[in-house]
Amino acid sequence: MERKTVYIAGLGLIGASLALGIRRAHPEIEILGYNRSEESRRVALERGMVDLVTDDFAAFAPLADVIILAVPIKQTIAFIKELADLELKENVIISDAGSTKAEIVAAAEKYLQNKPVRFVGAHPMAGSHKTGAKAAHVTLFENAYYIFTPSNLTKPGTLEEMKDLLSGLHARFIQVDAAEHDRVTSQISHFPHILASSLMEQAATYSQEHELTQSFAAGGFRDMTRIAESEPGMWTSILLTNPQAILERLEDFKDQLDKVAAAIEAKDETAIWEFFDRGRQSRKQMEIHKRAGVDSFYDLFIEVPDEEDAILGILELLRGISVVNIRINEENREDINGILQITFKNHQDLEKSAKIVRENTDYLVSVD
Ligand code: NAD
């Protein structure tokens, strides 16, 4: 059988991590890569993520059985247009990785309509603030949703082929209509990024008049604003390619704030209490509390004193148990213990670890 060739255009964090996942399950597949800058081309070659690289997008496209566009959204659309004029292999699958889907799927349906190609939109839902092939990792998409948004060019069998090709990512494949994808992500991803940056902007302005703002900001503020450190270019394209859904979320949120303001003005204790209680209850229901994986919430919270080797001692006790993530939720008062948060892969490891720490220390231990 002829060796299958996959062409990944854009060897950034996402494209290079996809290459690693494809390699893991299918070492026999030839992977070709395009990248504009020399740095990621070099890293991808040196680390064996790809077999050959180019800085000329059109050069490798005719050789591919599968083409994955992993460049910014605007460039993804430009490449789709360019593919329409190239001599491609019959029945080639073209896919992408863009964070918004409706405009990309519409572009594919417009420009590729009369070509013997298949197209399926895709959004691998994991990432980080890091960029470039040097930041790529084979585990990036483990347990993350890999969302396929079919088009009228997604012929039967396309999704199955893509799922097999990407099986080494260990992601959770799901299929959603592109417009629905953009609506849901506007609520859980795009709008929260706007909120985080707005909150930072407000606090930065406020701190000019109230300099203690900087010092008092602690865990809650940090959790709310972490994503304000994201890459501005990517978020600008997301807002520009999903305006309607995002504007709807903004309007809806203004109403939400007005309701809270009205309850405060009216000193309506019940309404305020119920507002916080609804938030607490709905957060507990969310899947983020149940899901395994990097963003898993099998969390153990341990109040550790500010003593030498306290954290090392706990990790020593848990030697042999697989830990997904560790963080220290430090308070900003020296006389308050820091909270060590350890995330496990599953419920058994969490319970086992809680038991070990309780039996071997007198630290306050709680399970999420
Ligand atoms: P990245 O900055 O690590 O890589 C972007 C790649 O695109 C690089 O290879 C860069 O050289 C190339 N590129 C940028 N502008 C270009 C242009 N004008 N012409 C040709 N190539 C160009 O970014 P990334 O995180 O890998 O993002 C790639 C895609 O994946 C984007 O569409 C983004 O929306 C999507 N995505 C990102 C994340 C995330 O959190 N980082 C998550 C899911 C999907």
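Rule-based calculations on the coordinates, nothing more; no lab input. Because the structure is a prediction, the values reported are computed rather than measured. FYI the Cβ positions are ideal-geometry reconstructions off the backbone, even for glycines, and counts take in every protein chain you see.
So how compact is the chain: Cα radius of gyration and Dmax in angstrom?
23.7, 74
Can you list residues from other chains, or at least 5 along the same chain, whose modelled amide H is less than 5 Å from the amide H of residue 364?
303
Enumerate the amide H contacts of residue 119 below 5 Å, restricted to partners 5 or more residues apart or on another chain; note that Pro and chain-start residues carry no placed amide H.
Close amide H contacts, sequence-distant or interchain: 94, 153, 154, 155.
Over the range 101-161, what per residue volume does the convex hull of the Cα atoms give, in whole Å³?
Numbers: hull volume 7.5 nm³, N = 61.
Expressed per residue, the convex hull around the Cα atoms of the range 101-161 is 122 Å³.
Treat the count of other C-beta atoms within 10 Å as a stand-in for reagent exposure and order 327, 183, 42 from fewest to most. Can you show the working numbers first?
Values: 327 11, 183 18, 42 15.
Ordered by Cβ neighbours within 10 Å, fewest first: 327, 42, 183.
From the phi angles alone, apply the Karplus equation (6.51, -1.76, 1.60; θ = phi - 60°) to the range 137-145 and give each ³J(HN,Hα) in whole Hz, x where the residue is Gly or Pro.
8, 5, 8, 3, 9, 4, 6, 8, 6
222 nm [θ] for the chain, helices only, -39500 (n - 2.57) per DSSP H run of 4+, per residue, to 500?
Numbers: 15 runs with 167 residues, N = 368.
Calculated mean residue ellipticity at 222 nm is -14000 deg cm²/dmol.
Please turn the phi angles of the range 81-97 into ³J(HN,Hα) values with the Karplus equation 6.51 cos²θ - 1.76 cosθ + 1.60 (θ = phi - 60°), one per residue in order, whole Hz, x for glycine and proline.
Whole-Hz 3J(HN,Hα) from phi for the range 81-97: 4, 5, 4, 4, 9, 9, 7, 9, 5, 4, 6, 3, 9, 10, 9, 8, 9.
Using the number of other C-beta atoms within 10 angstrom as an exposure proxy, rank 355, 134, 115 with the fewest first.
Working: 355 11, 134 15, 115 18.
Listing 355, 134, 115 from fewest to most nearby Cβ atoms yields 355, 134, 115.
At a 10 Å Cβ-Cβ cut-off, how would you order 321, 14, fewest neighbours first?
On the way: 321 16, 14 26.
Placing the least packed residue first, the sequence is 321, 14.
By how many nm would the segment from residue 189 to residue 114 lengthen if fully extended, with 0.36 nm per residue of separation less the alpha-carbon distance? Kindly include the intermediate steps, with their values, before the conclusion.
Numbers: separation 75, 0.36 × 75 = 27.00 nm, distance 3.46 nm.
Difference between extended and current length: 23.5 nm.
Taking the alpha-carbon distance from residue 101 and a cut-off under 19 Å, which lysines remain once sequence neighbours fewer than 8 residues away in the same chain are dropped?
Partners found: 74, 81, 110, 155, 163.
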